[in-house]
Amino acid sequence: MTFYLNNAVLKTDLYAMMSEQGMKDFPFFQRIGAFSVNAASPKHTVESLRFASKLLEEKKTVLIFPQGKEEHLEKRPLAFSEGPAFLLKKHSDVEVIPITYYYTFRHDQRPELFIWVGQAVFYDLANAREDITKTLAGAVTAQLDHQKQKIIQENDEEFTTLLKGKKTLSEWLTWWKAKVK
């Protein structure tokens, strides 16, 4: 979905850091700008961060999932790695834009994905990486919680539909019942 979002809305020269296992399982991601990281290997992590740093020097967009792994959407606190803070210390001109995803079922059988592209996060480069990481995690947590509340309250006018799935069985039955009457 991130690559679709980039092609449809963001339109940047996007690269995304992805787990080494994910890259092995889905090698096509490499063809669309993903590069691997093995968080279990400090050496490989440093190599991946150096590659990300090179991309930032070239003014490319680098997407990092700072949790480093897939976790339940409601888990709190969000546990971020210090990789983004490491990169920010090297590239003070980089703008951090949080993108949050919220999956839910609302009124039918079809799940919905709500994506929120936030505002730039301000952080103090004079702070230690740990503090910058806490600032980033706090901003993403606040954005995700705000997004969740908007969806729960049926306040979705700030979202734009990018993709719509096929009709569900209940939608077909509703259509059919209306036709039969």
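Quick notes
- Residue check for T45: closer than 23 Å to K90 by Cβ and assigned to a loop (DSSP other than H, G, I, E, B): no
- Residue that is modelled with the highest pLDDT [pool: residues in the stretch 8-47 that are more than 21 Å from E58 (Cβ to Cβ) and of a type in the set (D, E, K, R)]: K43
- Of all residues in the stretch 102-123 being closer than 28 Å to K89 by Cβ and open to solvent by 80 Å² or more (accessible area, probe 1.4 Å), the one that is farthest from the chain's Cα centre (by Cα): F122
- For the stretch 30-41, the set of residues classified as under 23 Å from L113 (Cα atoms) and touching a residue at least 24 places away in the same chain (Cβ under 8 Å) consists of I32, G33, listed by residue number.
- Of all the residues in the stretch 16-43, those that are farther than 17 Å from Q67 by Cα and open to solvent by 40 Å² or more (accessible area, probe 1.4 Å) number 10.
- Filtered by the rule that a residue be in contact (Cβ under 8 Å) with a residue 40 or more places away in the chain, over 18 Å from T2 (Cα atoms) and assigned to a loop (DSSP other than H, G, I, E, B), the stretch 60-90 gives R76, P77, L78, A79, F80, S81, E82.
- Members of the stretch 121-169 that are of a type outside the set (D, E), touching a strand residue (DSSP E or B) at 6+ places or on another chain (Cβ under 9 Å), in contact (Cβ under 8 Å) with a residue 40 or more places away in the chain and outside any helix (DSSP H, G or I): F159, L162, L163, G165
- Count - residues of the stretch 91-111 that are closer than 25 Å to L125 by Cα and part of a strand (DSSP E or B): 3
- The number of residues in the stretch 84-100 that are farther than 19 Å from M18 by Cα and either under 12 Å from the mean Cα position of the chain (by Cα) or open to solvent by 80 Å² or more (accessible area, probe 1.4 Å) (or both) comes to 5.
- Residue ID - surrounded by the most Cβ atoms within 10 Å (Cβ to Cβ), chosen from residues in the stretch 54-69 that are within 18 Å of T133 (Cα to Cα) and out of contact with any strand residue (DSSP E or B) (no Cβ under 9 Å at 6 or more places or on another chain): P66
- Applying the criterion of being open to solvent by 100 Å² or more (accessible area, probe 1.4 Å) and acidic (D, E) to the residues of the stretch 131-181, the residue that is farthest from F80 (Cα to Cα) is E157.
The values are calculated or read from the model by the stated rules, or taken from the named source; none is laboratory data. What you see is a predicted model; the values in this text were computed from it and never measured. For neighbour counting, all protein chains shown are included, and Cβ atoms are generated from backbone atoms with ideal geometry for every residue, glycine included. Ligands, DNA and RNA are excluded from the accessible area calculation, which covers all protein heavy atoms including side chains. Shrake-Rupley method; radii C 1.70, N 1.55, O 1.52, S 1.80 Å.
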